[in-house]
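Quick notes on the structure that follows.
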Amino acid sequence: MIEVLAALVITGAIAAIGLPVTGNTLAEFRLRGDAQALANTMALAKMRAAAVFSTSRLYVDLTTKTYRVETWRRTGAPAWVADGGETSISSRDALSFRMVASPPPNTQAAIAQAPACRNAANQAIAGTACVLFNSRGIPVDSTGAPTGTGALYVSGDPGVWAVTVSATGQVQLWRTVAQVAPVWSLQ
């Protein structure tokens, strides 16, 4: 009886140590998955623009934590049209950079989410962020001028991830621990 009780105590101690580690690992996997899916969707928006010879964008709704690819419809009534379904990030993650004070190197002058999306009348849509691509797959601003400052940030318990796009259209994924002075690493 004493041996069984000792075995149960040892098993309980091992479980008490293992469960928090497992929880942290799962949170990191979830956050990494959200960031990689966002990066893949940004690359898809870039390719979609080139494929349909039109402007395409990654539309991110910061309040509902969802994103989708949209393509500009030039024929008929001009409008942004969803190209595929909408994707949500994990309920435990956020579209933010938390306390991080500086962006990944050589990406932005100051840390910020991508500019707000604009509707067909070119008015900013509150609570959104957009990365636009022209028909050549080059990131552009709302006036159509090339830009390389588009970035989207996803944060969770283990850290902060950034999805950036350069002026050439290269999509990059970065990671740092959530701290004021970040040490970004390219993934």
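No value in this document is a laboratory result; all are computed from the given coordinates. As the structure is a prediction and not an experimental result, all values here were calculated from the model. Neighbour counts are summed over all protein chains in view; Cβ atoms, including those assigned to glycine, are modelled from backbone coordinates with ideal geometry.
Run the helix sum for the chain: -39,500 (n - 2.57) per DSSP H stretch of 4+ residues, divided by residue count, reported at 222 nm to the nearest 500 deg cm²/dmol.
Details: 1 runs with 51 residues, N = 187.
After summing the helix terms and dividing by residue count, I get -10000 deg cm²/dmol.
Determine, from the Cβ-Cβ distance of residue 8 and residue 177 and an R0 of 35 Å, the FRET efficiency 1/(1 + (r/R0)^6), rounded to the nearest 0.05. Numbers along the way, then the final one.
Details: r = 37 Å, r/R0 = 1.06.
The formula returns an efficiency of 0.40 here.
Put a dot 7 Å past each Cα toward the Cβ at residue 170 and residue 112; how far apart are the dots in nm?
Spacing of the two 7 Å Cα→Cβ label points: 2.4 nm.
How much length, in nm to one decimal, is gained on full extension between residue 29 and residue 16, taken as 0.36 nm per residue of separation minus their Cα-Cα distance?
On the way: separation 13, 0.36 × 13 = 4.68 nm, distance 2.09 nm.
Fully extending the segment from residue 29 to residue 16 adds 2.6 nm.
Treating the beta-carbon of each Lys and Arg as +1 and of each Asp and Glu as -1, no other charges, what is the dipole magnitude of segment 1-103 about its Cα centre, to the nearest 20 debye? Each step should come with its number before you reach the end.
Working: 11 positive and 8 negative charges, 110 e Å.
Value, rounded to 20: 540 debye.
Angle between the Cα long axis of helix 2-52 and the longest principal axis of the chain, 0 to 90 degrees, nearest 10?
10 degrees
Please work out the Cα center distance from segment 1-36 to segment 41-92, rounded to the nearest Å.
39 Å
For segment 1-117, count the residues as N, evaluate 2.2 N^0.38 Å, and divide the Cα radius of gyration by that value, please.
On the way: Rg = 22.3 Å, N = 117, 2.2 N^0.38 = 13.4 Å.
That ratio works out to 1.66.
Report the full-extension gain for the segment residue 37 to residue 99: residue separation times 0.36 nm, less the Cα-Cα distance, to one decimal in nm. Don't skip to the end; give the middle numbers.
Working: separation 62, 0.36 × 62 = 22.32 nm, distance 2.29 nm.
This chain segment gains 20.0 nm when fully extended.
Under a point spin-label approximation (7 Å from Cα along Cα-to-Cβ), what is the residue 185-residue 87 distance to one decimal in nm?
Here the modelled spin labels are 2.3 nm apart.
Rg (Å, one decimal) plus Dmax (Å, integer) for the alpha carbons of segment 70-187?
Both quantities, over Cα of segment 70-187: 15.3, 50 Å.
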